[in-house]
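In what follows, a structure is listed as C-alpha cells, so that the remarks can point back to it.
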C-alpha cells in the first residue's frame, strides 16, 4: 500500500521560530512536492524535488527552503515562521519518467499554526 | 486570469442526485487532466484522469474534457453520502524536464441522506 507520512498532524509555533516539516515516502518515488492549502486559494506548490539533493521552486517559495538528503525524505523549512505561514501543509510524491501523467500521492497533511 | 478556475461551492445535493463539477483553464499546454478527491482531514487522492477530449467512465463517475473550450467536468451519478468531499481538478504541465500539477481551488460537495 502506497504510503506518504508527515511528521506531525498538528503543530503550533511562535513567530520567528525555525520550523521543520518532515515527509517520508516508502514507494521509491523520485519526485517529491510540498504544497500549502488555504481556504479560497486552494493547493499551491511551494517547492519540489526530482532527485536527491535537487530542488526547484514552485509558485510560492518565498519564506521557505527545502532539503532532500535521502530519496525517501523531503523536508520543508520555515527559517523564521510568520503568522501568514499558518496553513495546511501537504507533502506528495510521484514517479519520474511518467511524463505528463503526473499522479501524485499525498500525505495526510500538517496543520501549522504560527502565533 | 488564473490558469485554472473552479467554483468552490459549497454544493449540497440529496442522495441519488447527479452531480456536475467543472473547471475551466487557460493554458493550452496542459496535457493530462485529473480529478482528486479529498476527504475531511485527509490528503487528496487521485480519482480519475484523462488525456484527450471526450468522456471516460469509471463506475458512477464520468470525466469529460473539451479541449476546444478548455473545459473539464466530473459527473457523479447516483450520488452517495460517502461522496461528500472536496473535489479538486488538476492539470499537468511541463516545467523544464519535469512536470508539475496545477490545481483548481476545489469544490466542497455534501450529499445529504
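Values in this text are rule-based calculations from the coordinates and carry no lab data. Computed from a predicted model, the values in this text were never measured in an experiment. When we count neighbours, we look across all protein chains shown, and the Cβ atoms used for this are built from the backbone with ideal geometry, even at glycine.
The table below lists the values:
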read-out	value
Antiparallel DSSP beta bridges within chain B, as percent of all bridges there, nearest 5	90
Relative contact order [Cα under 8 Å, 6+ residues apart], chain B, whole percent	36
Chain A, relative contact order [Cα under 8 Å, separation at least 6], %	36
Ranking of A:69, A:62 by count of other Cβ atoms within 10 Å, fewest first	A:62, A:69
Whole-number percent relative contact order across the stretch B:1-59, with pairs defined as alpha carbons under 8 Å at least 6 apart	26
Top of B:64, B:80, B:95 by mean-square fluctuation, Gaussian network on chain B, Cα under 10 Å	B:95
Residue of B:36, B:87, B:99 that the Gaussian network model of chain B assigns the largest fluctuation, springs spanning Cα pairs under 10 Å	B:99
Beta bridge orientation in chain A: antiparallel %, DSSP, nearest 5	90
Cβ neighbours within 10 Å from other chains - mean over B:106-113	1
Shielding by other protein chains, B:91-103, mean Cβ within 10 Å	6
10 Å Cβ neighbours from other chains, averaged over peptide B:79-90	1
